[in-house]
Amino acid sequence: MISAGTRTGLLKASRIPLQRTIGAKGVRAFIATPKRSTEEESQAAVAERARKNRPVSPNLGIYKPQMSMVLSALHRNTGVAVAGAAYLYTAAFGVAPLLGLDLGSVTAASTAAALPIPVLLGLKALISGCLSFHCFNGIRHLVWDTGKFVSNQGVFKTGYAVIGATALATGYLTFF
């Protein structure tokens, strides 16, 4: 990106001739090189300092949280959590034989059975909540891709539907 000082410098640029030979004919071109005065350099330094002190965009602290913003952030975070857990378990499953570990289904089931009930239910709620929310919100996005429910009222209706479906699915997957 060209700063204001550079643009001004380009307008006052000197023209340095550059000789090129193309085939049998010589073509003369010019290269613009900016000339900067000390005043322009100080303006560029001031602009650079001002740019560094600006907040990162978008500055979420100035916005009132809305359902679409919160659900969008949750959709991204649950996607990262679900995919990250799947990649991590797959990598661990692949490396386990080299380390002499067993990560088969029998071992996973016996490890889960050995956990205290509140910890087991908490893990099941966390996993099923992330997975079901990401699944239902993904369906919501696919519906939006068809052009349906893209009004403000439709966004709120589908948002509440995703929250309700997630609560039901999480409850069912956690306790049954």
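Any read-out appearing in this document is the output of simple, stated calculations on the displayed coordinates, not a laboratory observation. Owing to the predicted nature of the structure, the values given are computational and were not obtained by experimental measurement. Using ideal geometry, Cβ is built from the backbone for each residue, glycine included, and neighbour counts are taken over all protein chains shown.
Can you pull the three principal axis extents for the Cα set of the stretch 86-176, in Å, largest first?
The Cα atoms of the stretch 86-176 stretch 55, 29, 14 Å along the principal axes, largest first.
Below 8 Å between Cα atoms, with a sequence gap of 6+, how large is the relative contact order for the stretch 58-164 in percent?
Relative contact order for the stretch 58-164 comes out at 39 percent.
Applying 1/(1 + (r/R0)^6) with R0 = 41 Å to the Cβ-Cβ distance of residue 152 and residue 45, what FRET efficiency is obtained, to the nearest 0.05?
0.35
At 0.36 nm per residue, minus the direct Cα-Cα distance, what do residue 123 and residue 72 gain on full extension? Give it in nm, one decimal, please. Numbers along the way, then the final one.
Numbers: separation 51, 0.36 × 51 = 18.36 nm, distance 2.32 nm.
Stretched out fully, the residue 123 to residue 72 stretch lengthens by 16.0 nm.
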